[in-house]
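Report on one structure; see the data block that follows.
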Amino acid sequence: MESNRNPLIIGAGPAGITAALGLAKRGVTSRIYEASGQVGGLARTPRDGDWRIDPGGHRFFTRNEEVLDLWKALLPPDQWISVQRQSAMLVDGHFMRYPLIGRDLLTQMGYGRGMHGLSSLMWSRFVRGMRLDDHSASFREWGTNEFGRYWYTLFFDGYVRKTWLADPDELASDWANQRIKPINWRRKEGDAADQDVFRYPRLGPGQVWEAAAAALADVGVVPTLNSAVTKARFDGSMWTLEMQDGETASGDAVFSSMPLRLLVDALEPEPPKYIRAVAAALKHRALITVAVALGKRYDIPFNWVYTPGPGLRVGRIQNYRRWSTGLSPENWNGTFLGLEYFSGPDGDLWKADDEQLKSIAAHDLRALGIDDSAIERVMIVRSQFAYPINDPGRDRNVARLRDFLGRNYPSLHPVGRNGMHRYDNQDHAMLSAMQSVAQYFGENVDPWRVNTDRGYHESGLLKS
């Protein structure tokens, strides 16, 4: 291993672990400091006995061969399964397949409502066609233009308020172009869209990152867990990280996947006041997953069910056995659900104790028509900084922080979803780490350009 390089990595999620793997491949030993007790970040797989929980629902999809090759190298073929994508939105008692299908919209909720939605869509398209500038600044404008006011209000307005904790006028539209697909007017049963499948590890997403941690251990890199970084001192050439327990570590560079606003707060010497104010303006949402094992079998033919209506507190429901039967005990044949609740990182729901969360989940199950007396086990997983929020000021604020850090800390490499404050997919987080490692070795690359395609969608399975 190279002795003249001594990089430090903050965070053992997909970005941090990928950076460590990339450094090791080039002969450099890194040191990793992870705030939690488990590797994988949001893509970890917490366990309770033989139960495994996927906190966010992770589809392993990429258009990048290097990322795919890394995934394949970490797990053997028999540990990967192919999962057909089946998602729905539960609206007024109807499971509407998502992405939305034109035929369903016109018929499934009644022809009267279908015609109302279609006329609203045609009117919005007419109004949009009369404008010289078709750019939609807010999510509400984008959604109304794309779906018409009626279908936008029915499916997406409540969804945004519940899961993103924001008024749709206060969210930028850019992420919607990547995350929300338009209505499919041509889809027929059995066509290619019905074969939309993704890779998934048999034992959940954390299986990949636990395998990666084992591979790193073989070359002497073992993540230090439960070591939250509180200070990042730079003397002009070397870095010193201070952990919550007072331990310190020094190195020549830092790869950071901790939330960008927390990184700025941790820097010493302290950045200018205006930079700290810009960082403080960055917003996150927390995710609380209440995993519920029910002894009764319910026929729910979807991986995910979105619940935009006001009658439920839960924002999204995962059907874990549609992902992999390996997430539940062998030969168990009940229903295993992950109820996902969204909160501010310091909101009232985040502060709720386990009993309060169990009560909320039981109420939602009853509202869904599910017998809560069939509950065999409840497991709760909290992820405080799960998703950066893309409000209208995000691009400007992140750009100012990027430029400031680049000028003043050339050996600091923000990576990943939280490190760069972008709502990236797992493969994008990995690519940002790969390019940051290349940059560390002097290559002319820009990790900030990863995932700047407005039209990127998660779909399909890259052929192996």
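At least 1 residues being open to solvent by 60 Å² or more (accessible area, probe 1.4 Å) is the threshold, and among the strands (runs of 3 or more DSSP E) wholly inside the range 62-125 those reaching it are 80-84, 94-98. I need a count of the residues in the range 309-332 that are surrounded by 14 or more Cβ atoms within 10 Å (Cβ to Cβ) and assigned to a loop (DSSP other than H, G, I, E, B). Within the range 309-332, residues that are surrounded by 14 or more Cβ atoms within 10 Å (Cβ to Cβ) and assigned to a loop (DSSP other than H, G, I, E, B) number 9. Put simply, of Arg276, Arg261 the only residue that is open to solvent by 30 Å² or more (accessible area, probe 1.4 Å), within 21 Å of the chain's Cα centre (by Cα), modelled with pLDDT of 95 or more and more than 22 Å from Val28 (Cβ to Cβ) is Arg261.
Considering the range 363-384, the residues that are farther than 26 Å from Ala43 by Cα and open to solvent by less than 40 Å² (accessible area, probe 1.4 Å) include one that is nearest to the chain's Cα centre (by Cα), namely Ile370. A single member of Leu241, Leu225, Leu287 is open to solvent by 30 Å² or more (accessible area, probe 1.4 Å), in contact with a strand residue (DSSP E or B) (Cβ under 9 Å, 6 or more places away or on another chain) and under 18 Å from Ser36 (Cβ atoms), and it is Leu225. Only residues that are assigned to a loop (DSSP other than H, G, I, E, B), in contact with a strand residue (DSSP E or B) (Cβ under 8 Å, 6 or more places away or on another chain) and under 17 Å from Val254 (Cβ atoms) were counted in the range 419-442, giving 2. Would you confirm whether any residue within the range 92-106 is of a type in the set (Gly, Ala, Ser) and touching a residue at least 24 places away in the same chain (Cβ under 8 Å)? Yes; the residues of the range 92-106 include at least one that is of a type in the set (Gly, Ala, Ser) and touching a residue at least 24 places away in the same chain (Cβ under 8 Å).
Here Gly27 meets the list (1) part of a helix (DSSP H, G or I); (2) on the phi > 0 side of the Ramachandran plot almost entirely, failing just condition (1). Checked across the range 225-248, the condition of being touching a His at 6+ places or on another chain (Cβ under 7 Å), at negative phi and either at pLDDT 95 or above or not in a loop (DSSP other than H, G, I, E, B) (or both) holds for no residue. If the condition is being closer than 21 Å to Leu365 by Cβ, open to solvent by less than 40 Å² (accessible area, probe 1.4 Å) and over 17 Å from the mean Cα position of the chain (by Cα), then the range 333-348 contributes Gly334, Thr335, Phe336, Leu337. Please pick out the residue among Leu42, Leu23 that is closer than 23 Å to Asn451 by Cα and open to solvent by 20 Å² or more (accessible area, probe 1.4 Å). Of Leu42, Leu23, the one residue that is closer than 23 Å to Asn451 by Cα and open to solvent by 20 Å² or more (accessible area, probe 1.4 Å) is Leu42. Checking each residue in the range 261-292 for being in contact with a helix residue (DSSP H, G or I) (Cβ under 9 Å, 6 or more places away or on another chain) and either part of a strand (DSSP E or B) or at positive phi (or both) picks out Leu267, His284, Arg285, Ala286, Leu287, Ile288, Val290, Ala291, Val292.
Name the residue that is nearest to Phe255 (Cα to Cα), counting only residues in the range 196-242 that are of a type in the set (Phe, Trp, Tyr) and touching a helix residue (DSSP H, G or I) at 6+ places or on another chain (Cβ under 9 Å). Here the answer is Phe234. Of all the numbered requirements in (1) assigned to a helix (DSSP H, G or I); (2) open to solvent by 30 Å² or more (accessible area, probe 1.4 Å), Ser36 misses one, and that requirement is (1).
The values are calculated or read from the model by the stated rules, or taken from the named source; none is laboratory data. Everything quoted here is computed from the prediction, not taken from an experiment. Note that we place each Cβ from the backbone using ideal geometry, even for glycine, and neighbour counts take in every protein chain shown. For the accessible areas, the whole protein counts, side chains as well, though only heavy atoms, and no ligand, DNA or RNA atoms are used. Shrake-Rupley method; radii C 1.70, N 1.55, O 1.52, S 1.80 Å.
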